[in-house]
Structures are given as C-alpha cells and as structure tokens.
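Report on the following structure.
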Amino acid sequence: MSTQVHAALDEGTVREISESLDEPEWLLETRLEALEALDGLDMPSVIRTPGREWTNLHDLDFEGFVDPLNAAEDKDQVGPDEVEVLPFAEAVDEHEELVKEHFGSVVDPQDNYLTALSTALFNTGTVVYVPEGVDAEDVKVRTRMNSRSLFNYTLVVTEESSSVTILERQSTGEDVEGERYYSGLVEVVAGENSNVQYGSLQNLDEETYNYTLKRGHADTYATIDWIEGNIGSRLTKSSVETYLKGDSSESQIVGAFFGHEDQHFDVNARVWHEAEHTTADLVTRGVLDDRARSVYEGVQDVGSGAWDTNSYQRENTLMLSDESEADASPKLIINNHDTEASHSATVGQVSEEDLFYMETRGTDPQSAENMLVEGFFVPVLDEVAVDELREDLRELIAARLRE
Amino acid sequence: MSSDQDHLKETDTEKRFEFKKEESAAVTSDKGLTEEVVRMISDDKDEPEWMLERRLRSLKQYQEMPMPTDWPGQPDLSGMDIEEIIPYIRPDVDKREGADSWDDLPEEIQDTFEKLGIPEAERKALSGVGAQYESEVVYQNMQEQWEEKGVVFCNMDEAVQEHEELVKEYFMTKCVPPSDNKFAALHGAVWSGGSFVYVPEDVTVEMPVQAYFRMNSEGMGQFEHTLIIAEEGSEVHYIEGCSAPKYGTHNLHSGGVEVFVGEDAHVQYSTVQNWSKNTYNLNTKRAICEKGGTMEWVSGSMGSKATMLYPSTILKGRGATDNHITIAFAGEGQDIDTGAKVYHNAPNTKSTIESKSIAKDGGRTNYRGLVHIADGAEGSSTSVECDALMFDNESTSDTMPYMEIQESKVDVAHEATVGKIGDEDVFYLQSRGLDDDDAKQMIVAGFIEPITEELPIEYAVELNRLIELEMEGSLG
C-alpha cells in the first residue's frame with residue numbers, strides 16, 4: 001500500500017487514543033507497531049482470477065474515511081451477572097492479564113492493512129469473559145455508529161465447559177454527511193468443551209463501507225457457531241472463520257445476505273480443520289435485487305493431521321434482477337484422505353412455475369415473489385438457533401421486500 | 001473387445017510408453033527463445049511473411065508478459081527454465097509434410113508408433129491419422145471417402161501453405177490470441193506441427209480422426225497447433241494422444257488448440273495425455289461455438305510433472321451447448337491443475353462439466369474452473385460436478401471453482417465431493433475373493449467409468465491400462 005497518509009493517521013493520533021483510554025504500555029506498543037506496519041501490508045485477500053479482481057478494495061481510500069478522534073456511538077452491552085461483558089477499556093483495567101494473553105492471539109493485528117488500521121485506531125469494543133462451567137444465554141452488544149468512522153474490537157474468551165450466546169448488532173445512528181467506514185474485529189477463544197454462538201446482524205446505512213473479520217479458535221470438544229446476517233452498507237467485506245484446533249471441535253457458519261440498489265457484498269466463510277474428528281458445516285443464502293452484487297468465497301481446508309474430518313458447504317444465491325451479479329467460489333483444499341467433504345453452490349432466479357402456481361391461487365405477482373424470497377431464506381433461518389436473531393433477520397428481510 | 005485389438009491388451013504397457021529412441025534429427029534449434037530461433041523455425045518451414053510477423057509479435061508479447069505466479073495454489077513452475085529448452089527439432093524425414101505411406105517412415109519412427117499402437121488403430125477405427133514426432137508431423141493420412149467430401153485433415157505446416165487464406169483468418173486471431181496468456185504467446189512464437197481439420201457444411205465424419213504427438217528428445221519443447229473448423233451442420237470427432245519417455249531434464253509442452261464450431265455443428269475433442277513426469281504441460285485450448293452448435297471436450301490427464309490446462313468454450317450463439325468430461329490422475333511428484341471454463345455469452349446456452357480426479361502417493365490434483373454467464377444470456381443453465389478420490393494422506397486434492405453470474409434468468413449448480421476410497425467397498429470386494437489391489441483398481445475403474453464411456457474403445461482401454469499402471473506404481 002502506498003496511498004497518501006491522511007493527516008490524522010499518525011503516531012500522535014494513536015497516542016492520543018491510547019491515552020484517552022488510559023491504556024497500559026503494551027497495548028500502545030501494539031497499536032504503534034500496527035500503525036508502522038501499514039505501509040507494508042496489503043488489503044485483505046479477495047478472489048482474483050487472471051485479469052480480474054472481484055472486489056477492488058484498492059480503489060477505496062480507507063484512510064480518507066478515517067476520523068478516529070471524533071468517534072461516536074451508542075452502545076449497549078449487557079449480559080447475565082455471572083458473565084463479564086465489559087467495554088474494552090474497562091476490561092483492560094479489570095482483567096489486564098486476560099486481555100493481554102488473548103488480544104491478537106486469534107487475529108494477528110498485522111494480518112492485513114485493514115486489521116492493522118483497526119488495531120491502531122480502535123477506541124471502542126467489548127470483552128466477553130465466560131468463566132469455567134458458566135452458561136450464559138443472553139449477551140447482547142448493540143452498536144450504533146454516530147460518527148464518520150468507527151473501529152470496534154470484540155474479544156470473547158470462554159473457559160472450559162462454559163457456554164455463551166452473543167448477539168451483536170451494528171447499525172448507523174445519527175446522520176453524517178458523506179461516506180462512512182465501520183470496521184469490526186472479533187476474536188473468539190473457545191476453551192475446551194465450551195460452546196460459543198456468535199450472531200451478528202449488520203444493518204448499516206448504505207453510505208457506509210464495512211469491513212469485518214470474525215475469527216475463532218476452537219479447542220478440544222469446543223463448538224463455535226457463527227451467524228452472519230448482512231443487510232445494510234454500501235460495500236461489505238466480511239470474513240467469518242474458524243480454526244478447529246482441538247480434536248472433535250466443531251463449527252457451523254450460517255450466512256444470509258440481501259442486497260439491493262448498488263450494494264456490494266464480499267462474504268467469506270472459511271474453516272481450517274487442524275485436528276482429528278472435526279466437523280464443519282457452512283450454509284449461506286443470499287438474495288440480490290437491482291444492481292446489487294455478491295462475491296462469495298467459502299474455504300474448507302483440511303490439514304494433513306486432520307483425520308476423520310467431516311466438512312460440508314452449501315451456498316445458494318437468488319437473483320431478482322437482470323442487473324444484479326453473483327459470483328461464487330466454494331473451495332475445497334484437502335490434505336488428508338480420511339475426509340468426507342462436499343460443497344455445492346447454485347445461482348438461480350425465482351421459479352416461474354412456483355410464481356405461476358401461487359398466482360393461480362389468487363396471490364398477486366409481487367406478493368407471490370416476496371413469499372418465495374422469504375421462503376428461500378427459510379433453510380438458513382432454520383439453522384439460526386437464537387430465536388431473537390432469527391426473528392430480527394426475518395423482519396429485516398420482510399422490510400426490504402416491502403420497500 | 002475383438003481379437004484384432006490384442007496389441008492394446010499388451011500387459012507390459014510400460015514398454016509401450018517408456019521406450020526411448022536414439023535422437024536423430026535433420027534440424028535442431030538452439031536452446032532458449034530468441035528472435036534467431038523464431039526466424040530459423042519460420043525459415044525452415046518456408047513460411048509466408050505474415051506468419052513470421054505473427055511469430056515475432058508473439059515473441060515480443062511473451063517477453064513482455066510476467067510468469068503467472070499469483071494464482072492461489074498453482075503448480076510450482078520455478079523448475080522450468082525456458083533458456084534450457086530446445087524449441088524446435090525437425091526429425092530426419094524426407095518429405096516435409098509427412099509421409100503418405102507408413103512404410104516410407106524411417107524405421108525408428110515407425111517402430112515408435114507401432115509400439116504406441118497407432119497404425120493398428122488407424123486401420124481399424126479411424127478416418128484419418130496424423131503422427132507428430134518432436135516438432136514435425138511425420139505421417140498423415142486421410143481415408144479417401146472423406147477427402148472426396150472435401151474434408152481436410154493435414155498438418156498445420158502444410159495448411160499454412162495449402163490453405164493459407166483459412167489459416168490466415170483463423171490462426172490465433174479469434175480464439176486463442178497470443179495475448180491470452182504467457183504460454184499462448186510462447187506458443188505463437190515457436191509453434192510447429194499439429195493438425196488442421198476442416199469439415200465442410202453438412203458433412204458428417206463418422207469415424208474419429210486422430211493425431212498422436214510423441215516427444216522423444218531430452219530437454220525439448222513441443223508446441224503443436226491444432227485448428228479445427230467445422231462448418232454449419234457438420235460433425236467431427238478429433239482425438240489427440242500424447243506421450244513422451246522419461247528424461248532427467250525438463251521438457252515443456254505448450255500446445256494450442258482452436259476449435260470453431262459452426263451453426264448446428266458438433267465437434268468432439270478427446271485427448272489422453274501421458275507426458276513423462278518431467279514435462280511441464282501448459283496448454284491453451286479453446287472453442288467458439290455458434291448458434292445451436294455443440295462442443296464436447298473429453299480429456300484424461302495422466303502424466304506430466306505439472307499440468308495447467310483449462311479447456312474453455314465460448315458459447316457465442318443462441319442455444320449452443322458445451323460438455324466437459326475430464327479425469328485427472330496425479331501420482332508421486334505430480335501436480336495436475338486442470339479444469340474447465342465456459343463463457344455463456346448468448347441466451348439458452350447450456351453446459352455441463354463433469355470432473356473426476358484421483359490423487360495417490362503424494363500427488364496433487366486441483367479442479368480450477370470458471371463458469372461465466374454474461375448479462376443477456378437468459379435461459380442459460382450450467383451444472384458442474386467434481387468428484388475427487390484420495391488414496392493416502394500424502395496426497396492433496398483441491399477444488400477451486402469460480403462462478404460469475406451476471407444474468408438472473410439462469411440455472412447454475414455446482415457440486416463437489418472429496419472422499420477416500422471406501423473401506424467398506426474394499427472390504428466387500430475382498431470378501432468376494434479379490435485382493436486389496438484388485439479391489440481398489442476395480443473401484444477406480446468404476447469411478448472413472450463416465451469418462452471412459454465417452455472415449456472410443458482404444459482410448460478407453462489405454463486410459464484404463466494407464467491407470468492400472470499408476471495403481472501398481474510401476475510407471476515413472
């Protein structure tokens with residue numbers, strides 16, 4: 001990267017952010033190192049075939065969106081008493097050793113240009129800490145972005161045999177003139193035999209560029225299930241990833257997106273099977289209308305030590321308009337032969353026959369199409385184990401259809 | 001199988017492919033790729049000025065293009081040194097455009113192709129056959145009945161002289177321009193030999209025509225060009241076979257295939273490649289299919305150290321159809337990166353891709369495909385099915401399909417599975433009295449059956465024999 005450095009993006013700014021949060025020296029150092037690394041880092045990987053880059057992140061002036069000293073948000077972060085759900089700065093204060101141990105252990109701050117930018121500049125976030133044996137159903141984090149840019153950092157640590165369900169929502173609050181940038185990094189450290197369900201519903205306004213990287217490490221017998229709903233934003237580059245590091249760990253990634261007008265979604269679901277008897281199931285469904293465009297990349301990577309692996313992936317896209325475009329690349333990378341793996345992808349439109357059938361039953365064409373689109377999401381919604389998230393997602397889909 | 005195909009049952013197939021011949025050449029170019037070498041090839045072939053110009057332009061493009069090194073998971077090409085490759089060897093044959101009679105060939109070349117089973121196959125089942133040895137087609141024959149109907153089957157060098165207007169119009173202009181990729185450019189600069197097939201309107205060539213390419217010399221490059229023009233309503237099946245013995249230094253095969261499928265015409269292109277395991281096999285094969293036309297690719301990729309090959313079809317006219325059936329087998333030290341590409345550029349076009357791969361003893365197979373449905377190609381449908389079989393834990397198998405869909409009224413489906421050879425299936429067969437190897441071989445034969453079904457019997461037998469050899473681990 002050799003874009004021009006924005007006036008606000010310098011050491012002074014980073015020090016100011018760190019100071020205002022009263023951070024310890026090690027965290028400031030990590031930020032400064034990330035800042036320094038920016039020039040040498042590339043954008044997050046996107047699908048590229050010879051002659052074509054499917055999502056051109058290089059064309060976007062991310063530094064131009066950055067206004068780190070004027071960040072503003074409304075945030076609710078609540079959870080049951082036996083679980084710590086703390087604003088990031090507070091967590092650093094109260095559980096410094098825990099944060100220091102895990103911060104950056106799953107997502108390398110210098111993974112790519114945008115993670116480094118986020119690490120250097122983040123000034124809000126949440127730490128969820130679930131002690132051994134505790135079950136926590138209802139952790140909710142709602143973020144409303146009220147400024148030009150917002151960098152959000154979430155760290156989830158579950159100890160042995162605990163479980164947690166986290167619901168995260170991102171939306172834009174107050175209007176800000178011009179284009180905006182939301183960046184969210186999520187690290188999940190799932191201890192032995194623990195169970196993490198992490199649901200996320202993104203409904204940012206359509207002037208907002210969105211980068212999110214959610215990555216989890218699953219220890220022995222641990223389960224990490226992700227639900228990733230993308231409705232809003234102008235452009236979303238979202239990666240949801242699990243490293244199955246412990247034997248018999250599991251992960252499910254459920255994705256749903258609905259694009260209209262000139263929205264662009266680049267969504268990735270990736271799983272690395274690194275241990276024995278691991279299982280992964282990736283399910284994504286998306287609908288595109290108007291000139292919206294989606295790029296889907298799914299990766300199932302089975303390492304050579306991953307004996308007895310089960311790995312499945314399905315992706316389906318429904319296109320409602322001729323101007324929309326859907327690209328997909330479900331990848332299988334298999335280095336262990338004791339594997340059962342499959343992937344499938346389909347792209348199609350609403351079936352003429354189904355429409356006709358419904359019209360003959362007295363439904364007008366628009367309602368019939370809407371019903372079929374809602375029906376299309378059902379297999380994915382059925383996989384969403386969290387009632388509230390499922391209802392919210394269904395509601396957002398229905399609202400978009402009414403537009 | 002009838003008794004006159006006994007030669008194909010030859011148990012020692014290794015003998016059929018692995019023998020080497022003393023090198024004896026009339027003309028051998030210098031190593032490496034320079035303007036002098038390109039001029040020398042063109043001069044040796046007494047080519048018209050325009051062809052030399054195209055070669056030189058390709059050379060320039062080749063020199064300007066970077067090596068493809070940024071493909072995710074691509075084969076390692078670093079061991080290939082173009083400066084060490086001999087791009088052109090003209091074997092010592094009297095007649096430049098190839099002998100008309102098998103007996104006119106030098107004994108060593110006769111013997112080579114006899115061992116490969118080519119003349120027998122010709123007598124039994126083919127409309128015509130061409131045989132290329134190193135850079136030159138050494139034998140070319142077309143049965144009279146097809147010649148009378150205006151079918152042309154000759155080698156490319158001869159076509160440049162005898163069918164200049166057609167070649168000038170179609171040769172690397174519309175289908176595979178040299179700018180397509182670095183190896184297409186390389187091919188455009190030093191191409192030599194290959195086949196030219198022309199089928200006039202409404203003519204059906206009922207028996208396949210065949211070309212066989214044999215690389216015999218160490219450290220050489222083979223760059224044959226195949227141009228097939230099937231006019232409206234015609235039908236032809238072209239088969240290509242390739243082999244080379246094993247050498248210590250690397251060989252390079254960078255062929256170019258261009259197929260023009262006219263309106264309602266039907267072309268099948270079948271190939272079984274079995275290059276030696278030090279050969280880099282980097283080809284560009286493409287077809288353009290007009291309204292109502294059908295293109296079928298059937299291919300088996302067996303040999304080579306590294307293969308990068310993605311036969312592609314541009315479905316240009318309404319209702320055009322493309323079918324791909326491919327099988328790849330990678331054994332020790334092999335990286336077979338292959339797949340299929342289809343561009344749906346017109347309404348109501350259809351494609352199916354069926355890909356099977358087997359990885360064994362540390363080999364790597366990868367399916368890398370692209371299905372592109374352009375805006376306006378309404379009513380198009382495509383279905384891609386990839387199945388990979390893995391034998392052991394040293395092997396790797398990847399699937400990287402890409403789908404670019406710009407039209408909503410389409411039907412797109414991709415499916416892939418990877419699995420190991422089923423323990424239960426092996427056990428079942430063993431319980432019926434088969435030993436472990438035979439059981440596995442039988443399962444593989446069943447796995448690849450959809451491919452062998454599409455091949456003429458000789459090739460099906462050859463493919464099966466080659467896979468048996470690979471399974472026995474006796475080859476390479």
Would you tally the residues in segment A:344-360 being out of contact with any Gly (no Cβ under 9 Å at 6 or more places or on another chain), facing chain B (nearest Cβ under 7 Å) and among the small types (Gly, Ala, Ser)? 2
When segment B:354-365 is examined, which residues are found to be in a strand (DSSP E or B) and more than 9 Å from every other protein chain (Cβ to nearest Cβ)? B:Glu354, B:Ser355, B:Lys356, B:Ser357, B:Ile358, B:Arg364, B:Thr365
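Residues are listed down the side, and each one gets a yes or a no for (1) at the interface with chain B (Cβ under 9 Å from one of its Cβ atoms); (2) surrounded by 18 or more Cβ atoms within 10 Å (Cβ to Cβ); (3) under 20 Å from B:Ser383 (Cβ atoms):
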site	(1), (2), (3)
A:Ala306	no, yes, no
A:Asp322	yes, no, no
A:Ala326	yes, yes, yes
A:Ser342	yes, yes, yes
A:Ala385	no, no, no
A:Arg394	no, no, no
A:Ile397	no, yes, no
For the list (1) surrounded by 23 or more Cβ atoms within 10 Å (Cβ to Cβ); (2) free of Cβ contacts under 8 Å to residues at least 40 places away in the same chain; (3) farther than 21 Å from B:Ser270 by Cα, I need the number of the one condition that B:Ser351 fails. (3)
Could you tell me whether segment A:298-309 includes any residue that is in contact (Cβ under 8 Å) with a residue 24 or more places away in the chain and either at positive phi or over 28 Å from the mean Cα position of the chain (by Cα) (or both)? yes
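Just to be sure, is A:Leu150 modelled with pLDDT of 95 or more and of a type outside the set (Val, Ile, Thr)? It would help to see each step written out before you state the result.
Details: modelled with pLDDT of 95 or more: yes; of a type outside the set (Val, Ile, Thr): yes.
Here the answer is yes, as A:Leu150 does meet what is asked.
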Tell me which residues, restricted to segment B:325-345, are in a strand (DSSP E or B) and of a type outside the set (Asp, Glu). B:Ile325, B:Thr326, B:Ile327, B:Ala328, B:Phe329, B:Ala330, B:Ile336, B:Thr338, B:Lys341, B:Val342, B:Tyr343, B:His344
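If we scan segment A:289-296, do we find a residue that is more than 30 Å from A:Thr223 (Cα to Cα) and facing another protein chain (nearest Cβ under 10 Å)?
yes
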The correct count of residues that are without any contact (Cβ under 8 Å) to a residue 60 or more places away in the chain and among the hydroxyl-bearing types (Ser, Thr, Tyr) in segment A:192-242 is 10
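For segment B:161-173, what are the residues that are part of a loop (DSSP other than H, G, I, E, B) and either surrounded by 14 or more Cβ atoms within 10 Å (Cβ to Cβ) or under 19 Å from the mean Cα position of the chain (by Cα) (or both)?
Let us first name the residues in segment B:161-173 that are part of a loop (DSSP other than H, G, I, E, B), namely B:163, B:171-173.
Scanning segment B:161-173 gives B:His163, B:Phe171, B:Met172.
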Those residues that are out of contact with any strand residue (DSSP E or B) (no Cβ under 8 Å at 6 or more places or on another chain), more than 14 Å from chain A (Cβ to nearest Cβ) and surrounded by fewer than 18 Cβ atoms within 10 Å (Cβ to Cβ), I need them from segment B:52-77; list them, please. B:Leu52, B:Glu53, B:Leu56, B:Arg57, B:Lys60, B:Gln63, B:Glu64
Filtering segment A:198-232 down to residues that are among the acidic types (Asp, Glu) and in contact with a strand residue (DSSP E or B) (Cβ under 8 Å, 6 or more places away or on another chain) yields A:Asp205, A:Glu207, A:Asp219, A:Asp225, A:Glu228
Test each condition in (1) surrounded by fewer than 24 Cβ atoms within 10 Å (Cβ to Cβ); (2) at pLDDT 95 or above; (3) over 16 Å from the mean Cα position of the chain (by Cα) for B:Glu332 and report the one that comes out false. (2)
So, in segment A:330-345, of the ones that are of a type in the set (A, V, I, L, M, F, W, C) and over 23 Å from the mean Cα position of the chain (by Cα), which residue ends up farthest from A:Arg314 (Cα to Cα)? A:Ile334
Of these, B:Val151, B:Val137, which one is modelled with pLDDT of 80 or more and either of a type outside the set (Phe, Trp, Tyr) or within 24 Å of B:Met220 (Cβ to Cβ) (or both)? B:Val151
Checking B:Val410 against (1) over 24 Å from the mean Cα position of the chain (by Cα); (2) under 26 Å from B:Pro75 (Cα atoms), which single condition isn't satisfied? (2)
Looking only at helices (runs of 4 or more DSSP H) that fall completely inside segment A:1-115, which ones have 1 or more residues that are modelled with pLDDT of 90 or more and exposed (fewer than 15 other Cβ atoms within 10 Å of the Cβ)? A:11-20, A:25-37, A:88-94, A:96-102
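From the list A:Val378, A:Val347, A:Val373, which one is β-branched (Val, Ile, Thr) and crowded, with 22+ Cβ neighbours inside 10 Å? Even if it seems obvious, please write down each step before you answer.
Numbers: A:Val378 fails: crowded, with 22+ Cβ neighbours inside 10 Å; A:Val373 fails: crowded, with 22+ Cβ neighbours inside 10 Å.
Step by step, each of A:Val378, A:Val347, A:Val373 is checked, and only A:Val347 is β-branched (Val, Ile, Thr) and crowded, with 22+ Cβ neighbours inside 10 Å.
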Would you tally the residues in segment B:231-261 being surrounded by 24 or more Cβ atoms within 10 Å (Cβ to Cβ) and outside any strand (DSSP E or B)? 4
For segment B:377-446, list the strands (runs of 3 or more DSSP E) that sit wholly inside it and hold at least 2 residues that are more than 7 Å from chain A (Cβ to nearest Cβ) and either among the β-branched types (Val, Ile, Thr) or surrounded by 16 or more Cβ atoms within 10 Å (Cβ to Cβ) (or both); which are they? B:380-390
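Is it true that A:Trp272 is in contact (Cβ under 8 Å) with a residue 12 or more places away in the chain, within 11 Å of another protein chain (Cβ to nearest Cβ) and of a type in the set (Phe, Trp, Tyr)?
On the way: in contact (Cβ under 8 Å) with a residue 12 or more places away in the chain: yes; within 11 Å of another protein chain (Cβ to nearest Cβ): no; of a type in the set (Phe, Trp, Tyr): yes.
Criteria not met by A:Trp272.
The values are calculated or read from the model by the stated rules, or taken from the named source; none is laboratory data. Treat the numbers as computed from the prediction; the structure is a model and nothing was measured. Using ideal geometry, Cβ is built from the backbone for each residue, glycine included, and neighbour counts are taken over all protein chains shown.
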